[in-house]
1. I'd like the full set of residues that are touching a residue at least 24 places away in the same chain (Cβ under 8 Å), under 23 Å from SER91 (Cβ atoms) and either loosely packed, with under 13 Cβ neighbours inside 10 Å or not aliphatic (A, V, I, L, M) (or both), limited to segment 19-60.
2. Out of segment 43-67, which residues are closer than 15 Å to VAL13 by Cβ and under 15 Å from the mean Cα position of the chain (by Cα)?
3. Looking for something open to solvent by 80 Å² or more (accessible area, probe 1.4 Å), modelled with pLDDT of 90 or more and within 20 Å of ASN12 (Cβ to Cβ) - is there at least one such residue anywhere in segment 68-75?
4. Restricting to helices (runs of 4 or more DSSP H) lying wholly in segment 35-101: which have 2 or more residues that are under 21 Å from LEU16 (Cα atoms)?
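The values are calculated or read from the model by the stated rules, or taken from the named source; none is laboratory data. Values in this document were obtained by computation on a predicted structure and should not be read as measured data. Here the Cβ is made from the backbone with ideal geometry for all residues, glycine too, and neighbour counts use every protein chain on show. Calculation scope for accessible area: heavy atoms of the full protein, side chains included, ligands and nucleic acids excluded. Shrake-Rupley method; radii C 1.70, N 1.55, O 1.52, S 1.80 Å.
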Amino acid sequence: MEKFLGPGYGENVRVLKWILERVEGRGAANETPIGYVPAKNGLTLDEMKISEEAVNELLRVNTEDWETELEDSKQFFRKFGDRLPGKLAKSMKNFRGDSSV
C-alpha cells in the first residue's frame, strides 16, 4: 500500500486559505522557478499531524522534475499544431521565455 506525503483532501482548505491570503497581499510565499509557493509559515498547520520534514518536501520545487514535465507538456501540445488555443500556446512560449512549443 502506498503512503501519501500530503495529509489528504480534507486539508486542501489550508492551501485555499493561503491562496486567498495571497490575493489579499498577506500570504507568505517563496519565489521559485515555477512561481510562488507557500512559505513554511504561510500555511496554517495548527493541529496537523505532519512532520517538518514532510512539510519541507511538500514545498520543495525540484527543477529537474519540472524541466521534464515542461518538455513532456510541450511534446503533447505540439500534437495539436494550429488547433492549440492561442492563449495556451502563448502561455507555454512565455514559460521561461521559451519559444519552442
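1. Listed by number, the residues that qualify are ASN30, THR32, PRO33.
2. LEU43
3. Checking segment 68-75: not a single residue is open to solvent by 80 Å² or more (accessible area, probe 1.4 Å), modelled with pLDDT of 90 or more and within 20 Å of ASN12 (Cβ to Cβ).
4. Those helices (runs of 4 or more DSSP H) span 52-59.
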